[in-house]
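Here the structure is laid out as structure tokens; the discussion comes afterwards.
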Amino acid sequence: MLSISQEFVDAIYAHARADHPDEACGVIVGPAGTGIPTRHIPMRNAAMSPTFYEFDSIEMLKLYRDLDDRDEVLVVIYHSHTSTQAHPSRTDIAYASEPDAHYVLVSTREELAGANEFRSFRIVDGVATEEPVQIR
Amino acid sequence: MAVSTPEIDIRIPTILRPYTGGEKSVQASGSTLAELVADLDRRFPGMGERLLEDGKLRRFINVYLNDEDVRFIGSLDALISSGDNLTILPAVAGGS
């Protein structure tokens, strides 16, 4: 289960809406071993695309070094789908490489945006499993 | 006289640690990135295939020499010097 504060849910939606119609992406990190998301870091979508996202490679190196220095880990990796539902696509599953992270998807598709479709998945060894989300 | 090649530190991402017995950081040597990857694969069999495809770096594996993405400094031809460090990070990417 993902337990996350309303503040971060709102921040992810705000980022996704700001970047619409391109996909938005980012992370929420937290102290290692706690599983609690405490710090939101929006990332640049290097693909700048409505159908694809990829963290900018240099920004990503800085992120991982920063996490090491602060003894933090990626708790949430999020991105938006801008014309489909908030469910991992085949490419999302194929490229997922952080088995310990919660993969959060939101949709900014017009018909779904009002429905607050905020969903979380574990993606391990090519299998995505949806999990409950508790908003605190 | 044999030319010695530098042995440098390589940072291994979570998803590849099964190949290194769980080690976060390992060493390998080579004068170019291609040689370094070959040595890494000798020491940790299977690693080469996770990094290369058709003799090139996989599109969704990011490799950094010090602070630079190797794609901008010659990819597999990038030159390795003593004291360098290498970081491997799978790209965080996907699509709808």
- Which one of these does A:Phe121 not meet: (1) open to solvent by 40 Å² or more (accessible area, probe 1.4 Å); (2) more than 10 Å from chain B (Cβ to nearest Cβ)? (1)
- For B:Val37, indicate whether it is under 13 Å from the mean Cα position of the chain (by Cα), aliphatic (A, V, I, L, M) and away from chain A (no Cβ under 14 Å). yes
- Does segment A:77-86 include one or more residues that are of a type in the set (Phe, Trp, Tyr), touching a residue at least 40 places away in the same chain (Cβ under 8 Å) and within 14 Å of B:Gly94 (Cβ to Cβ)? yes
- If we only count strands (runs of 3 or more DSSP E) wholly inside chain B, which ones have 2 or more residues that are farther than 30 Å from A:Ser89 by Cβ? B:7-11, B:25-29, B:85-90
- Message: Of the conditions (1) out of contact with any Asp or Glu (no Cβ under 6 Å at 6 or more places or on another chain); (2) under 14 Å from A:Cys25 (Cα atoms); (3) surrounded by fewer than 19 Cβ atoms within 10 Å (Cβ to Cβ), A:Met48 satisfies every one except a single condition; which number is it?
- Response: (1)
- Task: Quick one: A:Val73 ticks every box in (1) surrounded by 16 or more Cβ atoms within 10 Å (Cβ to Cβ); (2) without any contact (Cβ under 8 Å) to a residue 24 or more places away in the chain except a single one, so which number is it?
- Result: (2)
- Within the set of pairs 6 or more residues apart or between chains, which connect a residue that is under 8 Å from A:Val73 (Cα atoms) inside segment A:21-35 to a residue that is surrounded by fewer than 14 Cβ atoms within 10 Å (Cβ to Cβ) and charged (D, E, K, R) with Cβ atoms less than 6 Å apart? A:Ala32/A:Asp71
- Task: For A:Ser97, indicate whether it is modelled with pLDDT of 95 or more, open to solvent by less than 60 Å² (accessible area, probe 1.4 Å) and among the polar types (S, T, N, Q).
- Result: no
- Message: Just checking, does segment B:59-75 include any residue being among the acidic types (Asp, Glu), in contact (Cβ under 8 Å) with a residue 24 or more places away in the chain and open to solvent by less than 60 Å² (accessible area, probe 1.4 Å)?
- Response: no
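The values are calculated or read from the model by the stated rules, or taken from the named source; none is laboratory data. Remember, predicted model here, so these are calculated numbers, not experimental data. Please note: Cβ atoms are built from the backbone with ideal geometry, for glycine as well, and neighbour counts cover all protein chains shown. Note: areas computed on protein heavy atoms with side chains; ligands, DNA, RNA excluded. Shrake-Rupley method; radii C 1.70, N 1.55, O 1.52, S 1.80 Å.
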